[in-house]
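First the structure, in the form of structure tokens, and then the observations on it.
The values are calculated or read from the model by the stated rules, or taken from the named source; none is laboratory data. Please read these numbers as outputs of a predicted model, since none were measured by experiment. Note: ideal-geometry Cβ built from the backbone for every residue, glycine included; neighbour counts use all protein chains shown. The protein model used for the area step is the full one, side chains on, heavy atoms only, and it has no ligands, DNA or RNA in it. Shrake-Rupley method; radii C 1.70, N 1.55, O 1.52, S 1.80 Å.
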Amino acid sequence: MPIIARTGNEAMSEAMRQINPDVVAAYPITPATEVVMLFAKFVADGLVDTEFVAVESEHSAMSACVGASAAGARVMTGTSSQGLQLMSEILPIASALRLPIVLCEVNRALSGPINIHCDHSDTMAVRDFAWIQIFSENAQEAYDNILQCMKIAEDKRVLLPAMATTDGFIISHCMEKIETLEDAEVKKYVGEYKGVNTVLDLKNPVTLGSLDLQDYYFEHKMPIVEAMRNAKSVIEEVGKEFGKLYGREYGLIEGYKLDDAEVAIVALGSTCGTTKAVVDELREKGQKVGLLKIRVFRPFPAEEIAAALANLKVAVILDRSDSYNNQGGPLFTEVRSALYDAAKKPLITNYIYGLGGREISLDDLRSIFAEQQEVAKAGKAKEVIKYFGVRE
Amino acid sequence: MKKNMGWKELMHGDAVQAGTAKEFKTGDWRSEKPVFHPEKCINCLFCWVNCPDCAVLLDENKKVVGFDYNLCKGCGICAHECPVKEPKAITMEAERR
Ligand code: SF4
Ligand code: SF4
């Protein structure tokens, strides 16, 4: 298998090239621009068979994606931040029509104030639109996640749109060594796609997107609930199979030195990589610390998280966005809810950090572990929701 | 289409079989209605082609015979497109109910 140096954006566009979708409709936005810019070059160079639709906005991009996917095409796109927000009118339509569109999302803070750097507020803002959401720790995972998203989204038990995310600049623009698959291998892996109830199927004519009022709207939401339930096991299955085929196995969550840990960080995205380095260092010194990486945010792996955290004294939930609800960030509220029914549960603290791309350093994580080890000793948290690294 | 289906009986996605509009009387909120004057009609079928609701009725010889008022929404496109000189073969009149 080829080992190459790629940024997160290059890794995602490479995966797109190898998938060779029928249609890509996209509009550029920092820091996701390169994903579709590089892909447009593949189209111009004749390396893919894709119909590339250069639209005038992200609203049009997602609209074109929905149209193409409803016609039976395999469809992909990419965006970030404000772009994802501009798509947001159409995102829930994609899931309601059960269209397995795959989106390369690069996490970036929402305006305002205007900012181009990483936080998770954009992805979190669309978390209830019935899209599968998978976070990547590095460029390798970005590549692997895009391939797996295609497989998960198109699985007959799921048929929902999916987004794989990287962290803006931290992953999207950082060059790393990644292992890719051969083109032919990817072709075999994703296989042929055949849509269900597509509008261009003349033998089986259907109407999509009709008016649906008090009598049927609710019924039409239930298959989505069911598909999201199914998605959990499908994601696990696909992750295991990926491991068997290519040696890199994936699950819904990933525990790192968690088994005998007393204090652990729970996080999403690139911060997990930084945390692993600090965990290794503190383990060297004999401290019982660990990490729980949440790879899949939608569907939310509540039972798995509750089980993974059961034996800890303290779980520190890191949120790179806030819900502004006085109840902590989105990851925190969902983890807390996941723990409600647990017989055994740790003390939990929420650190809201890194908004607008503010760096989270090794030292920051050392200090968080140190603080929370004190909490573990005291058996009681002083402050449940903390805004970390902000000046007063 | 069966009424009051449960969610497990629905087609995939939000799809419904094509042609279900036939089952609904969607013409009951018209404020104006088209009236056909057969003596003026040259049978060009412009009205039939342009009607967005397939409400222009033809006989077996493909001649216009009138309108399906269960479907006609009174948009007036047929009257507008009718190429005959005024007064046209289709005129719009106030709907009285
Ligand atoms: S008024 Fe409109 S809906 Fe009615 S027959 Fe004419 S074109 Fe069709
Ligand atoms: S458009 Fe006027 S003339 Fe032509 S078929 Fe219709 S009613 Fe007759």
**Study point:** Solvent exposure of chain A as accessible area per residue, Å², 1.4 Å probe
**Key:** 42
Review point. Ignoring ligands, DNA and RNA, how do A:ARG358, A:ARG248, A:ARG320, A:ARG391 rank by accessible area with a 1.4 Å probe, largest first?
Key: A:ARG391, A:ARG358, A:ARG248, A:ARG320
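Count neighbours as other Cβ atoms within 10 Å of each site's Cβ, and list the GluC sites (Glu not before Pro) in the range A:115-204 that are DSSP loop with at most 12 such neighbours. Intermediate values should be presented prior to the final figure.
Values: sites: A:GLU137, A:GLU141, A:GLU154, A:GLU176, A:GLU179, A:GLU182, A:GLU185, A:GLU192; in loops: A:GLU137, A:GLU182, A:GLU192.
Taking the range A:115-204 and a limit of 12 other Cβ atoms within 10 Å, the loop GluC sites (Glu not before Pro) found are A:GLU182, A:GLU192.
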Check your understanding: Which value, in Å² rounded to 10, gives the accessible area of A:LYS221 with a 1.4 Å probe and all protein chains present?
Key -> 70
Exercise for review: Would you work out which of B:VAL35, A:ILE253, A:PRO205 lies farthest towards the positive end of the dipole of the protein assembly as shown, given +1 charges on the beta-carbon of Lys and Arg and -1 on that of Asp and Glu, about the Cα centre?
Suggested key: B:VAL35
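Across the residues of B:84-90, average count of Cβ atoms on other protein chains within 10 Å? Write out the running numbers ahead of the final one.
On the way: counts 0, 0, 0, 0, 0, 0, 0.
Per residue, the number of nearby Cβ atoms from other chains is 0 on average.
Tell me: how much accessible area in total is hidden between A and B, 1.4 Å probe, Å², nearest 100?
Working: alone 17160 and 7370 Å², together 23020 Å².
Adding both sides of the contact gives about 1500 Å².
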**Study point:** lysines whose Cα lies under 18 Å from that of B:LYS88, excluding same-chain neighbours fewer than 8 positions away
**Key:** B:LYS33, B:LYS40, B:LYS63
Exercise for review: Check the straight Cα-Cα distances from A:LYS382 and name the lysines below 28 Å, setting aside those fewer than 8 residues away within the same chain.
Suggested key: A:LYS257, A:LYS276, A:LYS285, A:LYS288, A:LYS293, A:LYS313, A:LYS344, A:LYS345
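If you average the sequence gap of Cα pairs under 8 Å that are 6 or more apart and divide by the length of the range A:1-73, what percent do you get for the contact order?
Working: 77 pairs, mean separation 25.6, N = 73.
Relative contact order for the range A:1-73 comes out at 35 percent.
Using a 10 Å cut-off on Cβ to Cβ distances, tally the other chain neighbours for every residue of A:223-233 and report the average as a whole number. Don't skip to the end; give the middle numbers.
On the way: counts 7, 3, 1, 2, 0, 0, 0, 0, 0, 0, 0.
That average works out to 1.
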**Study point:** Ellipsoid equivalent to the range B:33-97 - semi-axes via the Cα gyration tensor, in Å
**Key:** 16, 14, 11
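Which percent of the accessible area of the range A:278-392 is formed by carbon and sulfur heavy atoms (probe 1.4 angstrom)? Working shown, then result.
On the way: 2740 of 5610 Å².
Carbon-and-sulfur percentage of accessible area, whole number: 49.
Averaged over its residues, how many other protein chain Cβ atoms are within 10 Å of peptide A:196-208's Cβ atoms? Before the final figure, lay out each step's value.
Details: counts 4, 7, 2, 2, 0, 0, 1, 0, 4, 4, 10, 9, 5.
Taking all residues of A:196-208 together, the mean is 4.
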Exercise for review: Taking only Cα atoms and a 10 Å spring cutoff, compute GNM fluctuations for chain A and point out the largest among A:PRO346, A:PRO113, A:PRO161.
Suggested key: A:PRO113
**Study point:** Nitroxide proxy distance, nm - points 7 Å out along Cα→Cβ at A:ALA343 and B:ASN43
**Key:** 8.5
Review point. In degrees between 0 and 90, to the nearest 10, how far off the longest principal axis of chain A does helix A:58-70 point, with axes built from Cα atoms?
Key: 60
Practice item. Using only Cα atoms, find the angle between the long axis of helix A:8-19 and the longest principal axis of chain A, and express it within 0 to 90 degrees, rounded to the nearest 10. Key: 40
Review point. How much accessible surface does A:ARG6 have with a 1.4 Å probe, in Å² rounded to 10?
Key: 70
Revision key, fill the gap. The alpha-carbon center of the range A:327-355 and that of the range A:103-145 are separated, in whole Å, by 20
Revision key, fill the gap. Helix A:330-339: inclination vs chain A longest Cα principal axis, degrees, rounded to 10, gives 70
Exercise for review: Please identify, among B:GLY27, B:GLY74, B:GLY19, the residue showing maximal mean-square fluctuation in a Gaussian network model of chain B using a 10 angstrom Cα cutoff.
Suggested key: B:GLY19
Revision key, fill the gap. Out of A:ALA267, A:ALA164, A:ALA308, a Gaussian network model of chain A with alpha-carbon springs under 10 Å gives the largest mean-square fluctuation to A:ALA308
Practice item. Would you calculate a helix-derived [θ] at 222 nm for the protein assembly as shown, using -39,500 (n - 2.57) for each DSSP H run of n ≥ 4 and dividing by the full residue count, to the nearest 500? Key: -10500 deg cm²/dmol
Practice item. Give me the accessible area of B:PHE36, 1.4 Å probe, in Å² rounded to the nearest 10. Key: 40
